[in-house]
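Report on the structure given below.
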């Protein structure tokens with residue numbers, strides 16, 4: 001059942017909307033991430049994840065009722081063509097998959113972003129997880145200590161061309177800019193405690209935006225038209241922490257008349273242990 005008490009089924013149309021790709025929205029996004037890529041100011045393009053949280057516009061229609069401890073588990077992005085300043089995109093949000101893994105139920109919501117002619121520009125798939133059974137109210141579902149003990153696999157080892165990292169201090173002002181302006185567990189500590197977390201939980205989509213910035217810096221138009229990302233959110237990022245997005249090109253393959261560069265990507269905390277937050281793969285096109 002969703003937050004309205006209705007079944008959540010594969011195929012459910014969650015919502016449709018129109019969003020303006022305005023210079024003001026682009027500037028707000030770029031200021032939040034300190035993103036100064038000339039593609040946006042010079043060429044009139046927009047960051048492809050500009051409307052990163054469109055999927056969360058109507059959570060009451062697809063979120064399961066067990067909100068305590070819910071987590072953003074996995075995120076996929078496919079970029080087909082650039083978003084352009086001064087245009088309007090139409091969005092469509094659909095439940096496309098449900099599955100259970102261990103003690104959690106997962107709902108997958110796909111959002112398509114299309115231009116005025118119906119051309120598909122961007123597609124996202126958000127895997128949101130919910131506790132299969134409500135846990136007793138005897139503490140936090142995830143706390144700093146337990147999150148810090150998660151098993152870690154080495155990141156960035158082996159051969160490959162390293163991408164220039166992107167760093168960001170995720171203070172509470174950044175949390176508000178990214179997940180506000182209303183109070184929620186991504187912006188307010190008291191709201192976080194209501195859902196079983198000891199502190200502000202930085203919205204998982206922020207890490208994917210940092211990876212997008214990393215790839216756009218490295219591959220430019222080949223990321224905005226042809227980019228792919230598939231990452232898992234493996235640890236909680238708490239408000240006030242600093243992170244860096246990193247990548248290493250591992251391989252390449254021919255794709256028509258172009259070449260696709262395949263990279264391992266990850267977001268890690270800027271602590272001594274380099275605690276991973278998000279790990280996965282991304283790719284972009286090069287050549288013509």
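Where a number appears in this text, it was derived from the coordinates with a stated rule and is not lab data. Predicted, not measured: the structure shown is a model, and the values here were computed from it. Using ideal geometry, Cβ is built from the backbone for each residue, glycine included, and neighbour counts are taken over all protein chains shown.
How much length is gained if the chain between residue 258 and residue 225 is pulled fully straight, taking 0.36 nm per residue apart and subtracting their Cα-Cα distance, in nm to one decimal?
10.7 nm
Would you kindly give the portion of the calculated P(r) for region 184-288 that falls above 24 Å, as a percent of all Cα pairs?
Distances greater than 24 Å cover 33 percent of the Cα pairs.
Only helical DSSP H runs with n ≥ 4 go in: add -39500 (n - 2.57) per run for the chain, normalise by residue count and round the 222 nm mean residue ellipticity to 500 deg cm²/dmol.
Using -39500 (n - 2.57) per qualifying helix, the result is -5000 deg cm²/dmol.
Radius of gyration and Dmax for the chain's Cα atoms, expressed in Å?
In Å, with Rg to one decimal and Dmax whole: 18.6, 58.
Tell me, what is a quarter of the convex hull surface for the C-alpha atoms of region 4-97, in nm² with one decimal?
Mean orientational projected area (region 4-97, Cα hull): 7.4 nm².
Set the Förster distance to 22 Å, then compute FRET efficiency between residue 100 and residue 155 from the Cβ-Cβ distance, nearest 0.05.
So, using R0 = 22 Å, E works out to roughly 0.15.
If you wrap a convex hull around the C-alpha atoms of region 51-120 and split its volume per residue, what is the figure in Å³?
106
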